[in-house]
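Have a look at the structure below before the remarks.
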Amino acid sequence: MSNYLSPNDLAREVCFKPNFFQTKARINFLINHYLSLEKLCHRLEDLPRQWQYPQPRPWQNINWQNINSEQIIGIDLEVFLSIIAGTADTEAPIRGYTQTSRQYLEKIHPAMAKFVGGLVTENGTIIELGIWEKEERQHTPALIKIYQQLTGKKIIPNFRPAKSYQPSRNPYADLYCHGIHRVATEYAAVSLYLWLMSHTTGEIQQVFQEILQDEINHMTKFWGFGLWLYSNKNTVITDKSESGVNCHRSYISRLISTFRRMMTVLHWDSWTAIDKIELIYTFICVFQCMQSWSNNMTATNLQQIFDSSNFNS
Ligand SMILES: [Fe+2]
Ligand SMILES: [Fe+2]
């Protein structure tokens, strides 16, 4: 089938047997659209408003019953299904993730802790959910629905317990190690969903679009927070104390294990060489976008957004 410009396709030109360059053009189009400097800035600048009037990003209506395998472009159906099942696993258990992150943030930036993990009483009862949790908890059910529409079978995610809060004497180093891992998982999710959008059309692509926008939102906010908090605190991270050295070791080994785990759950071994090259290409492009956005952020911009004295009350 030849290429055509579809008014409904979100990556513009659809080709049902795409070669690398055709998919690359779709990836580039999506990156320019969803990761523009303007959109990334807007996602970060949205934080103070979220602290005052928390509001999850609404999803557009999706006609779930229209989902069908013809909406998958240029990926083997079995490989696609194993990616969906693996991704549903890594998205869960969101409650564990949000509460661990909230604990690392609580002493350092209460408003950010609330955005991530909501409000919790001293005995641990959650009285208000965080926006991060409200947005993320839609992802696993959406992936399960795609799988179910395509196969008639329901997948049950393998819930792995989230790593618990393990404080040391240096809360800034603890948050740094934890935060790097958090940003890395959001970044990996952005790259994966963007690549999946380049290989789908119709309702499946619409679902990935919604998840992608949530992940971009979170990646930008967490990355921006890290930029603000650690730009003047190099000593915290590069200190030669036991906790500083352990922090470095643990975050590097955690990052490696996060990417290894991602490859395993996505059944990377069954991917074609082109699939792998495309995903690596997407990772590189997303990183470049984030770097140019980071370089564009000034200390004053960041201070205006994160100055906790304005938002702790
Ligand atoms: Fe997610
Ligand atoms: Fe996420």
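The values are calculated or read from the model by the stated rules, or taken from the named source; none is laboratory data. Every value quoted in this text rests on a predicted model; they were computed, and no experiment measured them. In this analysis, Cβ positions are derived from the backbone assuming ideal geometry, glycine residues included, and neighbour counts consider all displayed protein chains.
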Checklist entry - Of the residues that make up the range 57-75, is at least one under 16 Å from the mean Cα position of the chain (by Cα), of a type in the set (A, V, I, L, M, F, W, C) and assigned to a helix (DSSP H, G or I)? => result no
Item to check | In the range 182-226, residue farthest from residue 307 (Cα to Cα) [restricted to those that are within 13 Å of ligand 2 (Cβ to nearest atom) and among the β-branched types (Val, Ile, Thr)] | outcome: 211
Checklist entry - Looking at 236, 207, which is the one that is assigned to a helix (DSSP H, G or I), at pLDDT 85 or above and either away from ligand 1 (no atom under 16 Å from the Cβ) or crowded, with 18+ Cβ neighbours inside 10 Å (or both)? => result 207
Next on the checklist: Looking only at the range 114-159, how many residues end up being assigned to a helix (DSSP H, G or I), within 16 Å of ligand 1 (Cβ to nearest atom) and under 16 Å from residue 89 (Cβ atoms)?
Outcome noted: 10
Item to check | Qualifying residues in the range 210-226 (those that are away from ligand 1 (no atom under 12 Å from the Cβ) and farther than 15 Å from residue 39 by Cβ) - the one surrounded by the fewest Cβ atoms within 10 Å (Cβ to Cβ) | outcome: 226
Item to check | In the range 160-181, the residues that are within 16 Å of ligand 2 (Cβ to nearest atom) and outside any helix (DSSP H, G or I) | outcome: 160, 162, 163
Next on the checklist: Restricting to the range 74-90, name every residue that is in contact with a Ser or Thr (Cβ under 6 Å, 6 or more places away or on another chain) and crowded, with 21+ Cβ neighbours inside 10 Å.
Outcome noted: 88
Next on the checklist: Within the range 8-41, take every residue that is of a type in the set (D, E, K, R) and not in a helix (DSSP H, G or I) and give me the one that is farthest from the chain's Cα centre (by Cα).
Outcome noted: 17
